[in-house]
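Notes to accompany the following structure.
The values are calculated or read from the model by the stated rules, or taken from the named source; none is laboratory data. In this text, all values refer to a predicted model and were calculated from it rather than measured experimentally. Cβ atoms come from the backbone with ideal geometry, glycine included; neighbour counts cover every protein chain shown. For accessibility, only protein heavy atoms count, side chains too; no ligands or nucleic acids. Shrake-Rupley method; radii C 1.70, N 1.55, O 1.52, S 1.80 Å.
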Amino acid sequence: MEGYNNEEGFLHGGDLEGMARKIGRKPSELLDFSANINPLGMPPGVREAVVESLDASLAYPDPFCRRLRAALADHTGWKEEYILCGNGGADLIYRLVYALRPKKALVTAPAFAEYEEALAQTGTEILFHELGAEFAVTEDFLSRLESELDLVFLCNPNNPTGLLTEKRLVRELLLRAKELGIRVCLDECFLDFVRDSQAYSAEEFLEEYPNLLILKSFTKLYAIPGLRLGYVLSSDRELLRRMQKAGQPWAVSEPAQAAGIAALKAEGFQKDTISLVEAERAFLKKALEGLGLRVLDGKANYLCFRAAGDASLAQRLLGEGILLRSCGNYRGMGQDWYRTAVRTRKENERLLEALGKVCVKHE
């Protein structure tokens, strides 16, 4: 009898084990541009904190992440009661949907796949707003709000495009949604890579709009995807209580909590990260455009580009030992769209060298 295997339905990048098996190589031999992780790696002190936490892992982890929430409260300036931690951002998306059981929700296309995946689990009717050729969130998105909606997801900057939505539009979204009784989940996981993040973040609206929930992640900035750690901010404590109860009680492991606390102590790490990402993103964008590719002006630690008519570029790059994220399974994007992480200069040059071998130049 054939065993369970759902690998074909996996929607994300970062599957080093699967791709290595596919081409008969070791995961360590592949260079992963399909997952958007900080090229600087973990902050100082995180690895040591994880090792030290192993003795404490003989007991169950704190189900309420008390020390981590206290550290986050100090870091963000928000009350501990406004913070809920989870097993990565995806875990919190599912907890939100399970807690609300929305009848109808609105999602942009393209957008992070887990919004749709989570909503499908609860039988929610999903309305998709196509962002169009420029992939920008405009007033047209706001016009889709209606009283029958229960929940709206918006990613800022968007995944996979990296494009930012103006705070003016976010504020208008929150106002209209509040009037209509709609909850809004703003995914700001990649806003950590934007220098003037407060010019875009909706954090200042948390108390004014109890219908707002902001999603944050340790995974990308602090380079700990294997540990799984994220959190949400909301002034609706009852919603956070319901989300807490919507999944298993020990959502965050002891090592993950220790890593989060240590990461928040890394002074200057985010500033150094942003400086590196800005420089390398500009370098990579110019080089990709030099290959005749259409590159979106993303502001995160990744770039989204189109290789017109070329639906097999990622597969050919895999033969060179490089993983690229195909965006063909994003709603609103074609099979010839791709997303690449922004990494170190040496790694970016290796990507460009490989692209020079396999990419058909587009004029």
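Here is the figure for segment 137-158: residues that are touching a residue at least 24 places away in the same chain (Cβ under 8 Å), in a loop (DSSP other than H, G, I, E, B) and over 20 Å from residue 336 (Cβ atoms) total 11.
Yes or no: residue 71 open to solvent by less than 60 Å² (accessible area, probe 1.4 Å), part of a helix (DSSP H, G or I), touching a Lys or Arg at 6+ places or on another chain (Cβ under 9 Å) and at pLDDT 95 or above?
Numbers: open to solvent by less than 60 Å² (accessible area, probe 1.4 Å): yes; part of a helix (DSSP H, G or I): yes; touching a Lys or Arg at 6+ places or on another chain (Cβ under 9 Å): yes; at pLDDT 95 or above: yes.
When the stated conditions are applied, residue 71 passes them.
Of the candidates 241, 228, the single residue that is surrounded by 17 or more Cβ atoms within 10 Å (Cβ to Cβ), of a type outside the set (Asp, Glu) and either assigned to a loop (DSSP other than H, G, I, E, B) or out of contact with any Ser or Thr (no Cβ under 9 Å at 6 or more places or on another chain) (or both) is 228. Checked against (1) hydrophobic (A, V, I, L, M, F, W, C); (2) under 23 Å from the mean Cα position of the chain (by Cα); (3) not in a helix (DSSP H, G or I), residue 54 meets all criteria but (2).
Taken over segment 159-186, the residue count meeting the criterion of being assigned to a strand (DSSP E or B) and either at pLDDT below 95 or open to solvent by less than 10 Å² (accessible area, probe 1.4 Å) (or both) is 3. Beta carbons closer than 6 Å, at least 6 apart along the sequence or on distinct chains, pair a first residue in segment 171-197 that is in contact (Cβ under 8 Å) with a residue 60 or more places away in the chain with a second that is open to solvent by 70 Å² or more (accessible area, probe 1.4 Å) for 194/299.
Quick one: is residue 247 outside any helix (DSSP H, G or I), in contact with a His (Cβ under 8 Å, 6 or more places away or on another chain) and of a type outside the set (Val, Ile, Thr)? Don't jump to the end; show me each part of the working.
Values: outside any helix (DSSP H, G or I): yes; in contact with a His (Cβ under 8 Å, 6 or more places away or on another chain): no; of a type outside the set (Val, Ile, Thr): yes.
It is false that residue 247 is outside any helix (DSSP H, G or I), in contact with a His (Cβ under 8 Å, 6 or more places away or on another chain) and of a type outside the set (Val, Ile, Thr).
With a requirement of 1 or more residues that are open to solvent by 20 Å² or more (accessible area, probe 1.4 Å), over 19 Å from residue 220 (Cβ atoms) and of a type in the set (Asp, Glu), the strands (runs of 3 or more DSSP E) lying completely within segment 81-133 that satisfy it span 125-130. The residues in segment 289-315 that are more than 23 Å from the chain's Cα centre (by Cα) and closer than 21 Å to residue 38 by Cβ can be counted, and the count is 0.
Might you check whether a residue that is part of a helix (DSSP H, G or I) and open to solvent by 20 Å² or more (accessible area, probe 1.4 Å) occurs anywhere in segment 289-300?
Here is the first cut: in segment 289-300, the residues part of a helix (DSSP H, G or I) are 289-290.
Checking which are open to solvent by 20 Å² or more (accessible area, probe 1.4 Å) leaves us with 289-290.
Among the residues of segment 289-300, at least one is part of a helix (DSSP H, G or I) and open to solvent by 20 Å² or more (accessible area, probe 1.4 Å), which makes the answer yes.
Filtering segment 24-39 to residues that are more than 17 Å from residue 350 (Cα to Cα) and either at pLDDT 95 or above or exposed (fewer than 13 other Cβ atoms within 10 Å of the Cβ) (or both) leaves 24, 26, 38. Could you list, in sequence order, the residues of segment 174-192 that are among the aliphatic types (A, V, I, L, M) and under 14 Å from residue 203 (Cα atoms)? Answer for segment 174-192, where residues must be among the aliphatic types (A, V, I, L, M) and under 14 Å from residue 203 (Cα atoms): 174, 184, 186, 191.
Quick one: which residue in 278, 254, 267 is open to solvent by 10 Å² or more (accessible area, probe 1.4 Å), modelled with pLDDT of 95 or more, out of contact with any Lys or Arg (no Cβ under 8 Å at 6 or more places or on another chain) and not aromatic (Phe, Trp, Tyr)?
Values: 278 fails: out of contact with any Lys or Arg (no Cβ under 8 Å at 6 or more places or on another chain); 267 fails: modelled with pLDDT of 95 or more.
Result: 254 is the single residue among 278, 254, 267 that is open to solvent by 10 Å² or more (accessible area, probe 1.4 Å), modelled with pLDDT of 95 or more, out of contact with any Lys or Arg (no Cβ under 8 Å at 6 or more places or on another chain) and not aromatic (Phe, Trp, Tyr).
Just name the residue that is nearest to residue 87 (Cα to Cα) out of those in segment 239-260 that are of a type in the set (Lys, Arg) and touching a residue at least 40 places away in the same chain (Cβ under 8 Å). Outline the logic, then answer.
Filtering segment 239-260 down to residues of a type in the set (Lys, Arg) leaves 241-242, 245.
From the residues that got through so far, the ones that are touching a residue at least 40 places away in the same chain (Cβ under 8 Å) too are 242, 245.
Working: 242: 16, 245: 14 Å.
Taking the candidates together, the pick is 245.
Looking across 323, 352, 293, 318, one residue alone is touching an Asp or Glu at 6+ places or on another chain (Cβ under 7 Å) and touching a residue at least 60 places away in the same chain (Cβ under 8 Å). It is 323.
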